[in-house]
Every structure is written in structure tokens, then in C-alpha cells.
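> Quick one: this structure, given as C-alpha cells, is what I'll be asking you about.
The values are calculated or read from the model by the stated rules, or taken from the named source; none is laboratory data. Because the structure is predicted, anything quoted here is derived from the model rather than measured. Glycine also receives a Cβ, built like all others from the backbone with ideal geometry; neighbour counts cover every protein chain displayed.
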């Protein structure tokens with residue numbers, strides 16, 4: 001699986017307003033009046049339906065109070081394991097120039113650039129499981145963990161360091177859904193279950209500082225321009241449920 005190439009449109013999302021407008025996204029935030037610095041952030045994703053194919057990335061982006069590049073963490077449905085069991089790929093990435101890799105799951109560079117880092121790991125799971133993604137900042141060290149809340153399994157996705165100029169974790173950013181096959185210019189999206197297999201995924205509001213700080217999550221920004229009507233969604237205080245593709 002060519003994970004480093006999968007991040008192309010995601011990187012474009014970060015830096016181009018036009019790409020951001022075209023990518024289904026949600027804004028998450030913590031109260032700006034919260035005086036305590038954010039030491040850790042927890043994101044939640046529940047995948048109710050998704051074909052075991054390499055095509056979609058459900059991601060949460062995070063930034064730093066000192067500016068500079070960002071990071072993100074999330075999950076990709078993927079092909080079943082050799083024994084036929086369900087598995088997912090989880091990622092923890094940095095697009096910062098001051099990144100130093102600190103874990104064997106990680107490699108230097110992201111999206112074809114020598115800067116940053118990409119950490120990835122295959123984990124078991126089932127449809128309906130709730131995955132919690134923990135981003136911890138201890139000094140200059142960032143650790144990405146994933147906990148399957150349904151089974152209790154916990155894994156470290158990766159670790160990387162940043163410079164002290166990064167500051168603390170920022171209190172707002174975006175979450176998004178990417179069809180990374182569309183990064184390949186030869187890929188032609190078809191508006192049917194073969195070209196766009198159905199998924200149903202719920203993004204949950206984030207928490208911070210070991211759940212002491214509660215965040216909010218917006219509704220989805222937009223549907224699909226390529227296949228109008230292919231993406232629908234529901235939003236309330238419990239999160240944003242996104243349904244995309246064809247059965």
C-alpha cells in the first residue's frame with residue numbers, strides 16, 4: 001500500500017483554499033477562553049460501513065499555537081488480512097520541517113517531501129467499532145495512539161519530535177474525508193458501487209486534556225461535486241454521520 005502517495009490531495013487540502021472547498025470537511029474546536037494549554041487531544045471515529053478496499057481516508061488534522069506545518073491522524077479501510085479477518089490502517093503524520101522521527105513505525109518525509117514524517121500501522125477491527133485517536137504532546141515529543149474503544153485494544157501509531165517553536169497544540173482545525181485514488185490522474189471515478197463503494201462513518205466531537213475539556217464538531221461542509229447526491233450527512237451534538245457512495 002503506497003501510503004505516502006495517498007496523502008497528496010490531503011496535503012493540497014492543507015494549503016489550497018480551493019481544494020479545501022472541494023473536500024468534505026468539518027471544523028472542530030475547543031473554547032478559546034479555556035485558559036489551560038492543550039496537552040493532548042482525542043478524536044473519535046466510528047466506521048459503520050466500509051468495503052475492504054484501499055480508497056478512503058477518514059482523518060483529523062491538528063495544528064500548533066506557534067504556527068508552522070500541521071499534523072494529522074486517522075484511519076483507512078483496507079484489504080482484509082491474509083486470514084480473512086478485517087483490518088484497518090491507522091496513520092499519524094507530520095508536515096513540519098522541524099520533525100524528527102522517534103518510532104520504528106515512522107519514516108521521515110511526507111507526501112514526497114523530505115520534511116515531516118509518516119507513521120502507519122495495520123490494526124484489527126470490525127465494522128461498528130469506535131476508534132479513539134490520541135495526540136499527546138509532552139515537551140517536544142508528539143505521540144499518536146489509537147484505542148479501539150469497543151475491544152479495549154491500544155496501539156502506538158508513532159512518535160516524532162518538533163522544535164520548541166511549535167508551541168502547544170492549537171484549539172481548532174478540521175476533520176475530513178478523502179478519496180485518495182483520485183490523486184492518480186489515470187483514475188476515473190464512476191458514480192456506482194464499483195467506483196465508489198458505500199461507506200458510513202461518524203466523526204465524534206473531540207476532547208482534550210484527558211477528557212477534561214470538551215470540544216465541538218461542525219456539520220459537513222459539502223457533498224460531492226463529481227457525483228452529486230452521493231454524499232449525505234446528519235449532524236447533532238453527538239457528532240457528524242457521513243454516508244457516501246453506492247450500495
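> Do you know which residues across region 109-122 are surrounded by fewer than 19 Cβ atoms within 10 Å (Cβ to Cβ) and out of contact with any helix residue (DSSP H, G or I) (no Cβ under 8 Å at 6 or more places or on another chain)?
Step one: list which residues in region 109-122 are surrounded by fewer than 19 Cβ atoms within 10 Å (Cβ to Cβ), which gives 109, 112-115, 121-122.
Listed by number, the residues that qualify are 113, 114, 115, 121, 122.
> Against the definition (in a loop (DSSP other than H, G, I, E, B), modelled with pLDDT of 95 or more and either farther than 20 Å from residue 216 by Cα or under 12 Å from the mean Cα position of the chain (by Cα) (or both)), how does residue 103 come out, yes or no?
Numbers: in a loop (DSSP other than H, G, I, E, B): yes; modelled with pLDDT of 95 or more: yes; either farther than 20 Å from residue 216 by Cα or under 12 Å from the mean Cα position of the chain (by Cα) (or both): yes.
Taking the combined requirement at face value, the residue satisfies it.
> Being under 16 Å from residue 72 (Cβ atoms) and in a strand (DSSP E or B) is the filter here; which residues of region 108-129 pass it?
109, 110, 113, 115, 116, 117, 118, 119, 120, 121
> Something else: Please enumerate the residues belonging to region 140-175 that are over 13 Å from residue 64 (Cβ atoms) and outside any strand (DSSP E or B).
Listed by number, the residues that qualify are 149, 150, 151, 152, 153.
> Which one of these does residue 191 not meet: (1) in a loop (DSSP other than H, G, I, E, B); (2) over 19 Å from the mean Cα position of the chain (by Cα); (3) loosely packed, with under 14 Cβ neighbours inside 10 Å; (4) in contact (Cβ under 8 Å) with a residue 40 or more places away in the chain?
Failed condition: (3).
> Still on this structure, I have one more. Among the residues of region 201-215, is there at least one that is over 22 Å from residue 142 (Cβ atoms) and within 18 Å of the chain's Cα centre (by Cα)?
Yes, that holds for at least one residue.
> Run residue 185 past the list (1) under 24 Å from residue 130 (Cα atoms); (2) assigned to a loop (DSSP other than H, G, I, E, B) and report the number of the one that doesn't hold.
(1)
> Please count how many residues of region 227-247 are surrounded by fewer than 16 Cβ atoms within 10 Å (Cβ to Cβ), at negative phi and not in a strand (DSSP E or B).
4
> Which residues, counting only those in region 63-100, are closer than 26 Å to residue 165 by Cβ, under 16 Å from the mean Cα position of the chain (by Cα) and in a loop (DSSP other than H, G, I, E, B)?
Restricting attention to region 63-100, the residues satisfying the condition of being closer than 26 Å to residue 165 by Cβ are 63-74, 91-100.
From what is left, the residues that are under 16 Å from the mean Cα position of the chain (by Cα) are 63, 69-74, 91-95.
63, 69, 70, 95 - these are the residues of region 63-100 that are closer than 26 Å to residue 165 by Cβ, under 16 Å from the mean Cα position of the chain (by Cα) and in a loop (DSSP other than H, G, I, E, B).
> Would you call residue 138 more than 17 Å from the chain's Cα centre (by Cα), more than 20 Å from residue 58 (Cα to Cα), exposed (fewer than 14 other Cβ atoms within 10 Å of the Cβ) and touching a residue at least 60 places away in the same chain (Cβ under 8 Å)? Steps first, answer last, please.
Working: more than 17 Å from the chain's Cα centre (by Cα): yes; more than 20 Å from residue 58 (Cα to Cα): yes; exposed (fewer than 14 other Cβ atoms within 10 Å of the Cβ): yes; touching a residue at least 60 places away in the same chain (Cβ under 8 Å): yes.
Criteria met by residue 138.
Quick grid of which residues meet (1) buried (at least 21 other Cβ atoms within 10 Å of the Cβ); (2) modelled with pLDDT of 95 or more; (3) under 19 Å from the mean Cα position of the chain (by Cα):
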| site | (1), (2), (3) |
| --- | --- |
| 17 | no, no, yes |
| 20 | no, no, yes |
| 35 | no, no, no |
| 41 | yes, yes, yes |
| 45 | yes, yes, yes |
| 49 | no, yes, yes |
| 55 | yes, yes, yes |
| 61 | yes, yes, yes |
